[in-house]
Amino acid sequence: MASKHLVRLAHVSKDFTVGKNDVGVLKDVSLHIYPAEFTLLYGPSGSGKSTLLNTIIGLEPPTKGQVFVDGRDIAKLGEDARSDYRNRTVGVVYQQPHWVKTLNVIENVTLPLLIQGRSKNYSFARAEYSLQQVGMLEFAKRMPPQLSGGQQQKVGVARALVTEPELIVADEPTGNLDSQSSDEIMSILVELVKGYKRSVVMVTHELRFLKLADRAFSILDGELEQEYDKAALSKFLENYKEPLDILRKGNDET
Amino acid sequence: MKLSVLFQIALKSIWGKKLRSILTIGGVVVGIGAIVFLVSVGYGLQNLIVEKATGLDALRIIDVSTVKSQIIRLDEDSIGRFSSFENVDNVQVVVNVPGRVKVGGSTTDTVVFGAPVEYLDLSGVKVDQGSVYENDSSNAIINSAALNVIGIKPEQYQTFLGKEVNIELVLLGELIATNDSPEEQTVNSEVTLTIGGIINDDNTPYIFVPLKVLTDQGIHNYSQAKVRVKDNSQLANVRDTIESLGFSTKSASDTVQQIDQIFSIFRIVVSGFGAIGLVVASLGMFNTLTVSLLERTREIGLMKALGAKRRDIFALFLFEALIISGIGGILGVIFGYALGETGNYVLNTLAVATGNEPVDIFQTPVVFVIGLFLFSLLVGFLTGLYPSRRARGLNPLDALRFE
């Protein structure tokens, strides 16, 4: 049994207004995320899993419900306070690489610490360590767009790690990568959970990653369809191999 | 986020778009440079005219006279009082009486000034031929206007020096009167003096004689006193004090004030022309900042997603505006100054080549330069305000998705 939760979503709903209609993207989602666990949110495109992730990191305030992280309802915080929360508590890895283009790799990695107001010496030392963790230290002085997609994504992970956050969220981090780069990123993320006891929440539609997860939530049409813990996951993987392949193909087409 | 870090990021983003930044800064340079150049002409001409019109010493001198000479006398007592004022370093007096100069058979009516040598110095009186008299001598200085009337030609001036002349004086009663005997009659008298110096001045006939010559004839009061203050900043003060004693005063600084007024209007007008350039430059800057904002929308989203606060983003963009306008301001001031100095050099070279006195037409006071630099920062601040506020208000998620 998992210990005390790190994140708790309580009856979270999110509506978007399209024209005159309100479209429900998330419908009454409640779930728990635990420390030192690898949690997957999976579902087809448009199922609302990215919105769910953005709700957890405070970029998308819910229309209804509460998002507790470390016991604090971040849905109630103001914009600057949510920025501060993101900065100190969460590390985010995006599907698209996002950089401050005038800064080189290591400067980009230092940004979250510099934003905290840390000294340059401290920030650069931490950034070096972080880059080393993902095996990208030798590219520290390059400009990010000069790197391959896989390399950029590793630097993205280094940036997410640099503040030593308890929670790391990744929104389809392998979405644009070849399988080798994907595997490298995944092994880094798994190591963060196993070696460094971080809690990693990852959005994906690639079911082959389910075997790496400690917990998984399947999302469909904005609703939490199913929660699997470790035991349920292994059972699921045993019994549903063939449908999994069918599912995977179906998702790859979207 | 530390301001120094934001400043460095701002610097890098300006450096990252070199051509655009150079063009934008160039606009500010031209605008500020134009103002410096034009206003320098204003200052230069003003100083030139003030110097030519008055001489610098004149700005420290107050001319004191009395309007009610029967009641308030400009006598030894009053002079003593002026001298005792804290900021006064020199007081000299002059008496002028009507007179008549006789040489041979010719006579001319003339003004006779009785004044010590020090007064002549203070008034800037210069002798063109011969020399200035000693205070206790019986020499006199006559001007060419007087000599003309009595029929002495310029070529005879040299031989006229050392000649004796008779001068009839009309000693006005009010100049003789003292507190003990306030009612005195006007009397005539005559003195014989030697011509020691000649002044080339063809306007009205006058003659300078040592003050002692007139006081020996019984004159106790003076027509006018020149009071020199130690520093022209104290002039107004001393002047007020003297006026409060009932005397009337005049000063070259009155004229200078009028000149200053005219030129401050002139400067505003020429600054206006330069300001047109600066307005165009600030529009260019505004454009650059707005384009930069659009280009970097995703970066702003990223920085906010990574935890940057609203004020961090605001400061980042404001820094960019201030850096552009600051560099533009400094270079603009240098550019305008250099242009003015080049102008001075060319004009002076021409002046010297054509046998004229060299003058600086372009003068750039330091206070003005500093003021203008601060002004360019202010323009940058105002121009940067709108893009900075827009950047601050961006929603991080929308910004991250911005294409």
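The values are calculated or read from the model by the stated rules, or taken from the named source; none is laboratory data. Because the structure is predicted, anything quoted here is derived from the model rather than measured. Quick reminder, even Gly has a Cβ in these numbers, built from the backbone with ideal geometry, and neighbours come from all protein chains shown.
The table that follows gives values for the structure above.
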quantity	calculated
Which listed residue, of B:Ile207, B:Ile150, B:Ile195, is of a type in the set (A, V, I, L, M, F, W, C) and modelled with pLDDT under 90	B:Ile150
Considering residues of segment A:52-82 that are touching a residue at least 40 places away in the same chain (Cβ under 8 Å) and β-branched (Val, Ile, Thr) only, the residue farthest from B:Leu394 (Cα to Cα)	A:Val69
Search result, residues across segment B:288-312 that are at the interface with another protein chain (Cβ under 10 Å from one of its Cβ atoms) and either among the hydrophobic types (A, V, I, L, M, F, W, C) or within 22 Å of B:Leu374 (Cβ to Cβ) (or both)	B:Ile300, B:Leu302, B:Met303, B:Ala305, B:Leu306, B:Ala308
One residue from A:Thr39, A:Thr63 being within 16 Å of the chain's Cα centre (by Cα) and among the hydroxyl-bearing types (Ser, Thr, Tyr)	A:Thr39
Close pairs from segment A:113-126: first of a type in the set (Gly, Ala, Ser), partner surrounded by 13 or more Cβ atoms within 10 Å (Cβ to Cβ) and assigned to a helix (DSSP H, G or I), Cβ under 8 Å, at least 6 apart	A:Ser123/A:Thr110; A:Ser123/A:Leu113; A:Ser123/A:Leu114
Residue, surrounded by the fewest Cβ atoms within 10 Å (Cβ to Cβ), within segment B:101-117, restricted to residues that are of a type outside the set (A, V, I, L, M) and modelled with pLDDT of 90 or more	B:Asp109
Any chance B:Leu147 is touching a strand residue (DSSP E or B) at 6+ places or on another chain (Cβ under 9 Å) and closer than 24 Å to B:Ala252 by Cβ	no
Test result for B:Ile324, surrounded by 16 or more Cβ atoms within 10 Å (Cβ to Cβ), free of Cβ contacts under 8 Å to residues at least 60 places away in the same chain and over 23 Å from the mean Cα position of the chain (by Cα)	no
B:Thr290 being surrounded by fewer than 19 Cβ atoms within 10 Å (Cβ to Cβ), among the hydroxyl-bearing types (Ser, Thr, Tyr) and outside any helix (DSSP H, G or I)	no
Tally, over segment A:88-125, of residues that are more than 8 Å from chain B (Cβ to nearest Cβ), buried (at least 18 other Cβ atoms within 10 Å of the Cβ) and in a helix (DSSP H, G or I)	10
Residue ID - surrounded by the most Cβ atoms within 10 Å (Cβ to Cβ), chosen from residues in segment A:69-87 that are over 18 Å from the mean Cα position of the chain (by Cα) and outside any helix (DSSP H, G or I)	A:Leu77
